[in-house]
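To start, the structure under review is shown below, and the notes come after it.
The values are calculated or read from the model by the stated rules, or taken from the named source; none is laboratory data. Keep in mind that what you see is a predicted model, and the values were worked out from it rather than measured. Cβ coordinates were reconstructed from backbone atoms using ideal geometry, including for glycine residues, and neighbour counts include every protein chain displayed. Keep in mind that these areas ignore ligands, DNA and RNA; they rest on the heavy atoms of the full protein, side chains included. Shrake-Rupley method; radii C 1.70, N 1.55, O 1.52, S 1.80 Å.
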Amino acid sequence: MSLTVDIRRDLGGFDLHTTFDAPEGVTVLFGRSGSGKTSVVKSIAGLLTPQQGRIALDGRVLFDTAARIDVPVHKRRLGYVFQDSRLFPHLTVRDNLCYAARVSGRGSRDPKEVAALLGISHLLDRRTHALSGGEAQRVAIGRALLSEPDMLLMDEPLASLDGPRKAEILPYLETLRRETGLSILYVTHNMAEVARLATHIVLIDEGRVVRSGAPDEVLTDPDMVRMLGIRDAGAVLSATVAAHHPDGLSALSISAGQLLLPAVEAPVGAKLRVRILAQDVILARTRPEDLSALNILPVRVLAVRRGEGPGVVVQLQAGQDRLLARITRRSADRLDIVDGAECYAVMKSVAVSQTDIAVGLQTGL
Amino acid sequence: MSLTVDIRRDLGGFDLHTTFDAPEGVTVLFGRSGSGKTSVVKSIAGLLTPQQGRIALDGRVLFDTAARIDVPVHKRRLGYVFQDSRLFPHLTVRDNLCYAARVSGRGSRDPKEVAALLGISHLLDRRTHALSGGEAQRVAIGRALLSEPDMLLMDEPLASLDGPRKAEILPYLETLRRETGLSILYVTHNMAEVARLATHIVLIDEGRVVRSGAPDEVLTDPDMVRMLGIRDAGAVLSATVAAHHPDGLSALSISAGQLLLPAVEAPVGAKLRVRILAQDVILARTRPEDLSALNILPVRVLAVRRGEGPGVVVQLQAGQDRLLARITRRSADRLDIVDGAECYAVMKSVAVSQTDIAVGLQTGL
Amino acid sequence: ADLTVFAAASLGDAMGELATVWEGETGQAVTLVLAGSSTLARQIDAGAPADVFVSANETWMDWLAERDRLQAESRVDIASNRLVLVAHDPGAASQTEVTAQTDILAALGPTGRLAIALPEAVPAGIYAKAALTDLGLWNALSTRLAPTDNVRAALALVALGEAPLGAVYATDALAEPRVVVAGVFSAQSHPPIRYPAAVVTDAADPAAAGDFVTWLSGNTAQEVLGRYGFLRAGPAQ
Amino acid sequence: MTTWLGPEEWQAVALSLKVSFWATLLSLPFGLLCAHALARWRFLGRDVLNWLVHLPLVLPPVVTGYLLLLGFGRQGPIGSVLDDLFGITLAFQWTGAALAAAIMAFPLMVRAIRLAIEAVDPKLEEAAATLGASRIKVFVTVTLPLIVPGIIAGAVLAFAKAMGEFGATITFVSNIPGETRTVPSAIYAFLQVPGGETGAMRLVMVSVAIAIGALILSEFLSRRVAQRISGS
Amino acid sequence: MTTWLGPEEWQAVALSLKVSFWATLLSLPFGLLCAHALARWRFLGRDVLNWLVHLPLVLPPVVTGYLLLLGFGRQGPIGSVLDDLFGITLAFQWTGAALAAAIMAFPLMVRAIRLAIEAVDPKLEEAAATLGASRIKVFVTVTLPLIVPGIIAGAVLAFAKAMGEFGATITFVSNIPGETRTVPSAIYAFLQVPGGETGAMRLVMVSVAIAIGALILSEFLSRRVAQRISGS
Ligand SMILES: Nc1ncnc2c1ncn2[C@@H]1O[C@H](COP(=O)(O)OP(=O)(O)OP(=O)(O)O)[C@@H](O)[C@H]1O
Ligand SMILES: Nc1ncnc2c1ncn2[C@@H]1O[C@H](COP(=O)(O)OP(=O)(O)OP(=O)(O)O)[C@@H](O)[C@H]1O
Ligand code: MOO
Ligand SMILES: [Mg+2]
Ligand SMILES: [Mg+2]
């Protein structure tokens, strides 16, 4: 499912004017607090009516001011996970999960299985008022999943979840997407959280799209570093599982060589995507020896962006792929990192943690 | 203000039995979703009545089943930032901020200044229903701050805020604490978010405290790595600002030598705390040259914890301080990292970003 | 066939006993429907299933007659009543006639009111107004009245001592132990107080209904009515 | 008890219960519909509907009864049509008493339900719609369960009002024993005859007892529902 | 207009307005208190209070009027105390009519406000308490503003009911022109005489017009408040 959005709406002073495509896969809508993310998602779901514009899901037009089409909310078949969980207080957790099946007959997926995955099996008979913040949000995610939507709209769904729980749910979303072709529009201000899932990224600011494209373009664009925040800038590489070693490491081949990662749950030959944050990359002019870091790739400097601060962002060519590194200006000077310089990128294997691996699709890679 | 908590309450199947002290400073209450964090905070605020126990703030007893004391909520003088923002829908943002001053006369702080800091000055005349999730939470924080509490209870207050905004608010909380001596009990499942603020850490699991202590103890305890999640494990070092260099770097002396960081906003001589995540530390047997990483410290291996996975956690002695490093078992074997081994810890200066620096207090250091 | 009798509520007790006696004599059950005369008249006009109507005043009987809702020839006055002045204070007991000299104002005291049914609407009030006007007392008293929606409410005000005096039917005064008769209005001071009965046009069994109405003016019925304080009806108008 | 209250009075009590019960039950769907329309729909004539619903409250009951008599009496435009087409007669029947009670109680019922509907968070209804529930299903599966306390409140108010209704009932359907003589009409009959106060007070006590019973039941029910919804 | 409605009728209209206005206004604080107590407090006698409040709904109005007469009449235990100590007389005064109207309207007012209070999210009240607001201040600064729509609904119901109240009023304070002859009493008087219907209908129209005015005003006010709270 691919989504086309082109909407305009004046929200008392705040002017929402957003145009983007969300191709099949996981589109991450990223922007600061108050940039208009929720307003966009509400418009797509039909909960906010744009003054003008068009929204279509593949061929299916959901909204079109020109054609006077405005499909009612319940016929849009979009699963919405709200920023606040909005569970039904009069129903048990189980009945919340089964709600969509009850009202629409949709939903062949097994609620128990989804509950198990989300770690809420023991809560099924509980009322919602006694749930903790994270528990409530997990139920809300389950409820939306079980409505078997054509597309899932998730508005900061994991903000109230702890790290291990996030790490469990994200790959499930990925599996879901892979197996059912479920496309996801994922709103977040925490790029690290989902960058590895993203097949497409839309950056929004003050109601307008400032950049949109494939993650490896957007995330490795040194100009986007300020927008994303330095901690979130980084590259996404295509990789193929080459081997699984007995000491718990997996070897992945990338265009520039090989990466060693903690065991990847994918068969040899599988295609993966690996995210490497700019700040996790160290540069060396000579190949370092005797380091605990296992991954050292020969790279060539493509561009060096100097900003206001003491750091510089270095764009690197690694085989067919691009990497970003953030180092201090002092180091750049000392090591003579200039355009065209050949050097080595050092990455700790563990910096690419289990959760940063997404089993990849052709799309967006 | 230091807080003593010793409470017991049966929540229909969930047994809360929590005992801890929160000394002056910032105490971080950390635990997974559903571990009982919110229930503890509600008990302290008086919104949940323990079946048994005692809660005292310095000498002031707030609750004591033995002495039959139960100070009413509004007399506890605790500022509570809720997991859901709970703004008053009938008031403007300004009136929400001034609420405490209106009902209790407390609050000599200037609402405008707090609003400016939280980036909500332009929202002052707005009703709360039109705020975005992050905007609402900022107003809630401001409202609690302006009630001039003896202690601030914050329940995952920043989960819905974007990185840059978090990075602005956290140091403000720190300044507040330093200047007014305001103690904070901070609930989170995201240790990275506040570890640099913490002067004390309490880990809670299934309603019980499993570990509590100073951050440099708790965070560098290899046994706690599983509990914290590998991404959050790391060390907190005491440092003194040694010099500010013209290229935007500051030199900090630590007991093991010197660290170079992006410019720190503190005068030369100021004492700071610096957090170094285990996964950001690379080990080398020989001092590496020609690396973009500026910070290389000689260290001695104190302990090596091998877990199930391919990684090991290495506890290191660096001068008077302790560091944690997470490396692969393969590297540990190859480099012969065993107890007592002398080696070098390599840290990228940028791995210790601006937001990971907290201007330190004597307490907890 | 059984009979449905619409009767003014103020006749309730007496009509109840009359119904029982009639049932004993004829085996015909009587269903008594009690409400204000105006209400009953309107309902009969709207087609209520009444066989016999017994009104507490002639106005509403006339109104129905005009609309051909009654069998005119069946109409007969079955009883009459007297208007009396009642008082809460037992010391005021007197059977003397109320005259132009009777100082009702003084008896009311500085703030007391004379309880009375609505003088422009409810029969008992209309009679009382006529009597007081005839005696020349109306103008002085018109601002000192406590008009009620029915004569029983006026009686209750006196019974409770809320109003020191009231103008009510003699039958009411007789039955209420907490009031005493303080004077009797002369029959000449107001139009005659008559209780007419008639067969309703749409009566299911006009013959039986006619018999009942006739029986009401007979000796047995009159004896019962007399026990409740009603007087024999004068000559039918 | 049978000596304390005569068979006629027991008949009135039974009739009042029947009338009030049916008046409440049958007006509930209309009350729900009206309340929902007034609370959530935007349509032409909304204000007129609102006035109509409130009318019986403003008018003296006798007037309402009189208007009912004019409209629903055998000769009345609606009454005659009902009679001719459906064979339904309301005038001077207990069904008419139920109609009068229902109409008098209607504004109370509608207000209570309407307030409850207005208090339901529209965000929950939005969430239900995104899960595929049509407007009607949203109402049945989300709004309705959440307003149960309001419905109970509305029903018990209506029932209590119906138990106490007098003016419109006696004017519309008269005071026919066994058919339309409800407790208030019986009380009225008592009060119209000398010395009837004690009989009247006995009936008052019975209807108070019934009303208290209904109240206790409703409080119990709505407390249970509230607990289910918002926790003990 | 003065030819259409006589001066006596205009007097009745003015009086009804006065009586209803004061009945509503003065019962509001008590209604609020009762509603809050019933919605949020736990105390002994809560159920009894609930019954008492609902009583006027269940009883035929005449009975309520009679009981008022017994209690608040000059000779009544409360009435005589009020008279002796404060010089307040209710019997046969418009103030008594206001009392009767207030008591008859009280259950409607309390229910409406109570439903509104029960719909306020206790979490907001908790938040207010943590900010230093005592119970009373929580009520005044949070609960009260949030229940304004419910208060308006309660007030308009009470006002409408007061405008239409007849049985209890005429029984308690009789029907004294200029003092206690409200519109319903005047209508009743009209209906007692043949041909009085047209006069009655004129008065009915006036009171309907007034009630509609009150209703429009209340809808307008509560819509404005609701908008302020939950957005346009
Ligand atoms: N009905 C409205 N009236 C006025 N302003 C509004 C309205 N709805 C939203 N806004 C404003 O529009 C902007 C965008 O809001 P939105 O909720 O879409 O932001 P967001 O990107 O989801 O932020 P967050 O990450 O904090 O949830 C905000 O500044 C908000 O205050
Ligand atoms: N009233 C209650 N009845 C039953 N269980 C309850 C009640 N209140 C809380 N619980 C349960 O107690 C546990 C702790 O809840 P709490 O809200 O304190 O968790 P938390 O640590 O704040 O979680 P989160 O990070 O998800 O907000 C949860 O499993 C919750 O479901
Ligand atoms: O029964 Mo009447 O209509 O009070 O005279
Ligand atoms: Mg948002
Ligand atoms: Mg919580």
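Here E:L85 yields copy-to-copy label distances, from shortest upward, of 6.2 nm, the label point defined as 7 Å from Cα along Cα to C-beta. Counting only protein heavy atoms and using a 1.4 Å probe, what share of the accessible area of chain B belongs to carbon plus sulfur, as a whole percent? Taking all protein chains in place, chain B shows 47 percent carbon and sulfur surface. Scalar couplings 3J(HN,Hα) for the stretch D:174-190, obtained by applying the Karplus form with A = 6.51, B = -1.76, C = 1.60 to θ = phi - 60°, are 6, 9, 8, x, x, 10, 10, 7, 7, 4, x, 5, 5, 4, 4, 4, 4 Hz; x denotes Gly and Pro. What FRET efficiency comes out for C:T99 versus C:E223 if R0 is 30 angstrom and r is the Cβ-Cβ distance? Round to the nearest 0.05. That pair, C:T99 with C:E223, gives E of 0.35.
Convex hull of alpha carbon positions in the stretch B:49-161: directionally averaged projected area 7.8 nm².
Cross-link partners of E:K161 among lysines, defined as those whose alpha carbon lies under 22 angstrom from its own and excluding same-chain residues fewer than eight positions apart: D:K161, E:K18. The Rg/Rh ratio for chain E is 1.03, where Rg is the radius of gyration of the alpha carbons and Rh is the Kirkwood radius. Estimated at the nearest 10 Å², the accessible area of A:T175 is 40 Å² with a 1.4 Å probe.
Mean partner shielding of peptide E:156-167, defined as the number of other chain Cβ atoms within 10 Å of each residue Cβ, is 5. Over chain B, how many pairs of lysines fall under 26 Å by alpha carbon, counting only those 8 or more apart in sequence or from different chains? Lysine pairs satisfying the spacing and distance rule in chain B number 9.
For the stretch B:260-310, the average shadow cast by the Cα convex hull is 5.8 nm², which is a quarter of the hull's surface.
Its Cα gyration tensor gives chain C an equivalent ellipsoid, and the semi-axes of that ellipsoid, as √(5λ) in whole Å with the largest first, are 34, 18, 15. Peptide E:115-127 has a mean shielding of 6, counted as Cβ atoms of other protein chains within 10 Å of each residue's Cβ. The stretch B:90-154 and the stretch C:74-136 have Cα centres lying 74 Å from one another. The fraction of Cα-Cα pairs per 20 angstrom bin, counted from 0 for the protein assembly as shown, comes to 9, 30, 25, 17, 12, 6, 1 percent, rounded to whole percents. Residues of the stretch D:63-80 whose accessible area (probe 1.4 Å, heavy atoms of protein chains only) drops by at least 50 Å² once all protein chains are present, relative to their chain alone: D:V63, D:Y66, D:Q75.
Mean partner shielding of peptide C:38-45, defined as the number of other chain Cβ atoms within 10 Å of each residue Cβ, is 6.
Between B:L48, B:L118, B:L57, the Gaussian network model of chain B with springs among Cα atoms under 10 angstrom shows the greatest mean-square fluctuation at B:L48. Taking 10 °C and 1.306 mPa s as the conditions, I'd like the Stokes-Einstein D for the stretch B:3-213 in µm²/s, using the Kirkwood hydrodynamic radius from alpha carbon pairs. Here the translational diffusion coefficient equals 91 µm²/s. Between E:F86 and A:V338, the simple label model (points 7 Å from Cα in the Cβ direction) yields a spacing of 9.7 nm. Within the stretch A:1-21, whose backbone N sits under 16 Å from a point 7 Å along Cα→Cβ of A:T65? Correct set: A:5-20. Note on D:I210: accessible area approximately 40 square angstrom, rounded to 10, probe 1.4 Å, nucleic acids and ligands left out.
Comment: the Cα-to-Cβ extended label point of D:F220, at 7 Å, lies 4.7 nm from its counterparts in the other copies, nearest first. Rolling a 1.4 Å probe over the protein heavy atoms leaves C:E23 with an accessible area of roughly 80 Å². Compute the long axis of helix E:94-119 from its Cα atoms, compare it with the longest principal axis of the Cα atoms of chain E, and write down the angle in degrees, 0 to 90, nearest 10. Computed tilt is about 30 degrees. Ordered by solvent-accessible area of protein heavy atoms (1.4 Å probe), largest first, the residues A:H122, D:H36 come out as A:H122, D:H36. Helical runs assigned H by DSSP (4 residues or longer) give the protein assembly as shown a calculated mean residue ellipticity at 222 nm of -12500 deg cm²/dmol, each run adding -39500 (n - 2.57) before division by the residue total.
Taking the centroid of alpha carbons for each part, the stretch A:246-308 and the stretch E:43-63 are 79 Å apart. Can you tell me the FRET efficiency between D:A209 and B:V210 if r is taken as the Cβ-Cβ distance and R0 is 56 Å, rounded to the nearest 0.05? Efficiency, from the Cβ-Cβ distance: 0.40. For chain A, the convex hull drawn through the C-alpha positions has a volume of 153 cubic angstrom per residue. Compute the helix-to-body angle for D:46-58: its Cα long axis versus the longest principal axis of chain D, expressed 0 to 90° and rounded to tens. That works out to roughly 30 degrees.
In chain E, the longest principal axis of the Cα atoms and the axis of helix E:7-40 are about 30 degrees apart. Spin-label model, B:D58/B:S255: points 7 Å from Cα along the beta carbon direction are separated by 3.2 nm.
When the convex hull of its Cα atoms is viewed from all sides, the stretch B:234-359 shows a mean projected area of 7.5 nm².
The listed residues C:T31, C:T111, once ranked by accessible area (1.4 Å probe) with the largest placed first, stand as C:T111, C:T31.
Taken over the Cα atoms of the stretch A:296-336, the convex hull encloses 66 Å³ per residue. Per residue, the stretch B:3-213 exposes an accessible area of 33 Å² to a 1.4 Å probe, with every protein chain left in place.
Can you give the FRET efficiency to the nearest 0.05 for A:R287 and B:D247, using r as the Cβ-Cβ distance and R₀ = 30 Å? Rounded to the nearest 0.05, the efficiency is 0.65.
Closest approach of a chain A Cβ to the axis relating A and B (residue, whole Å): A:A159, 2. Around the amide H of A:Q52, modelled in the peptide plane, lie the amide H atoms of A:R8, all under 5 Å away and 5 or more residues distant in sequence or on another chain.
Counting every alpha-carbon pair across the stretch B:123-219, the share separated by more than 17 Å comes to 56%.
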